[in-house]
Amino acid sequence: MNKGITKAFATVLAVGMTVALAALSHVPYEPPGARAAEVRFAWRARGARVEECRQLTPEELQQVPPHMRQDEICEGRILPYWLEVRLDGRKVVDQLVRGAGAREDRPLYVFENVAVPPGTYELDVRFVRQGQLPPDVEEGDTTPARLELVRRVELGIKDVVLVTYDPAARELVLKERGEGAGAEQR
C-alpha cells in the first residue's frame, strides 16, 4: 500500500508540473531592453602607418646571437584614433581605437552598440587620430585625421541606426532602416 500511495503521489505531481509548465509557456515574456532602440557603430579604417626606429645599445647587441645582430630595430604600427560619441550631450562611448593585431599594425575596427530608449536624440560622433604623421608619411588613402558626424535621429521601439565610414566619400555616414531601407541620411 505504501508503494501505491508513492506512485499516486508521483503521478499527481508529474501531471501538476506538466500543467504548470504548459500554463507558464503562455505567459508573455519580454527580455530587458526589448523595447529599446539601438545606435550601432561599425566600420573598418585604414590608419596611417608609422615606423619607429632606434639604435640598439652595446648591452642589447650582446644578448642577440651574432648572426641576428642589427644595429637598428624598426617597428611599424598604425596610429590610433579616439572615438567619442555623445547623445544629447551625454558621453556614451569614449575610447581609444588601436590597430588590430598583436603589434597594432593592422586596420582599425570599430564595433559598438548603444541601446537607448525610443526618442529623438542629437547624435555627435568624433573619430580623431592620435599623434602626428612623420614628415615622410603621406595621408594617401588612409582615413582622414578627423571625422565628425552630427545628426538628429529619431528612434522608435526596436529601431536601429548605423554609423559607418564611407571610404569613397571619406566621411562618416548614418544609415537607417525603415521605408527607405538602407537609405543614407546626409
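The values are calculated or read from the model by the stated rules, or taken from the named source; none is laboratory data. Everything quoted here is computed from the prediction, not taken from an experiment. Note: ideal-geometry Cβ built from the backbone for every residue, glycine included; neighbour counts use all protein chains shown. Please note that ligands, DNA and RNA were not included when accessible areas were found on the heavy atoms of the full protein model with its side chains. Shrake-Rupley method; radii C 1.70, N 1.55, O 1.52, S 1.80 Å.
For residue 158, the lysines whose Cα comes closer than 19 Å to its Cα, not counting residues fewer than 8 places off in the same chain, are 175. For the pair residue 53 and residue 154, label points projected 7 Å from Cα toward Cβ lie 5.9 nm apart.
To the nearest ten degrees, helix 2-24 and the longest principal axis of the Cα atoms of the chain are 60 degrees apart. Checking the a/c ratio against 1.5 first, then a/b against b/c, what shape does the Cα gyration tensor give for the chain? In terms of gyration-tensor shape, oblate.
Sorting 128, 93 by accessible area puts them as 128, 93; the probe is 1.4 Å, largest comes first, and only protein heavy atoms count. For the pair residue 67 and residue 90, the difference between a 0.36 nm per residue extended length and the Cα-Cα distance amounts to 2.6 nm.
For residue 91, the aspartates and glutamates whose Cα comes closer than 16 Å to its Cα, not counting residues fewer than 8 places off in the same chain, are 38, 112, 122, 124, 148.
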